[in-house]
Structure formats: C-alpha cells, structure tokens
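The values are calculated or read from the model by the stated rules, or taken from the named source; none is laboratory data. Just so we're clear, the structure is a prediction, and the values are computed from it rather than from any experiment. No Cβ is skipped: glycine too gets one built from the backbone with ideal geometry, and neighbour counts run over all protein chains shown. The accessibility values were calculated without ligands, DNA or RNA, using every heavy atom of the protein model including side chains. Shrake-Rupley method; radii C 1.70, N 1.55, O 1.52, S 1.80 Å.
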Amino acid sequence: QVQLVESGGGSVQAGGSLRLSCAASGRIFSINAMGWYRQAPGKERELVASVSSGGRTNYADSVKGRFTVSRDNAKNTVYLQMNSLKPEDAGVYYCDVNYVSGVTWVKVEVWGQGTLVTVSS
C-alpha cells in the first residue's frame, strides 16, 4: 500500500511564503503525474499545480508567477513553493499522486491527508 506524507502547511501573513512537501512511499513501480489541489471552506477542490513525469508543469491561473511545483523522482516527492501568498490562497492543500503499482502493475491515484494553509491579511 502506498502512503503519502504531506508537510509544510501553516499560518503566514499575506505576502509571505510556504513550501509544501509530499513524499510517497510503498510498492511503486513508477510515478506519473503529481500535483497539488486545494479546498477552501464552502468551495470545491481545485487544481493548484501539477507536474508530469517528464517535468511539464501546469498551474491554475490564480497562482501563476507566485507558485512553483517541482518533483524529486529519486525521493518520490513533490513540492509546492508558494510565494506572495494571498488570503484567497488559504485552504486545505492536498497532494495527488498517480502511480503504477509495483504489486499489481495497475495505475492508481492516491491523495494525501491534506495540510492546512492559513493566510492572514
């Protein structure tokens, strides 16, 4: 069974920075796309940023130029560097990893437990 461990959330003032990390562990053959979603109170979960196995990145328009997603394939880890944070960036951030199981050779999607980001104005 593959598990994701997220870290890096917290409280910051507007204009500040945070870096989120998400490490995958378990019987993994390969990892495809990795990404971050967020969910604010009363809103649907939305894609923030993703990175493909080849390093191609995709960002929500609202975070372009402020957030950077990256991955370390040797560590099965995805990062989200968040700069110039705004109050509207607050929410629970979820890591999303798509991988091929090293046991069943089936494609699987797994979510992290979520980490809370609070941004005060």
Worksheet item: Of all residues in the range 81-118, how many are among the aliphatic types (A, V, I, L, M), over 19 Å from Glu44 (Cβ atoms) and part of a strand (DSSP E or B)?
Response: 5
Discussion item. Which numbered condition in (1) open to solvent by 40 Å² or more (accessible area, probe 1.4 Å); (2) touching a Cys at 6+ places or on another chain (Cβ under 8 Å) is the only one that Gln13 fails?
Written reply: (2)
Worksheet, complete the sentence: Contact list, first residue from the range 19-46 and without any contact (Cβ under 8 Å) to a residue 40 or more places away in the chain and under 22 Å from Asp89 (Cα atoms), second anywhere and of a type in the set (A, V, I, L, M, F, W, C) and surrounded by 14 or more Cβ atoms within 10 Å (Cβ to Cβ), beta-carbon distance below 7 Å, six or more apart or interchain, is Glu46/Ala60
Worksheet item: Is the range 97-107 home to any residue that is over 13 Å from Arg19 (Cα atoms) and in contact with a Phe, Trp or Tyr (Cβ under 6 Å, 6 or more places away or on another chain)?
Response: yes
Fill in: Residues of the range 51-100 that turn out to be of a type in the set (D, E, K, R) and open to solvent by less than 40 Å² (accessible area, probe 1.4 Å), as a count
3
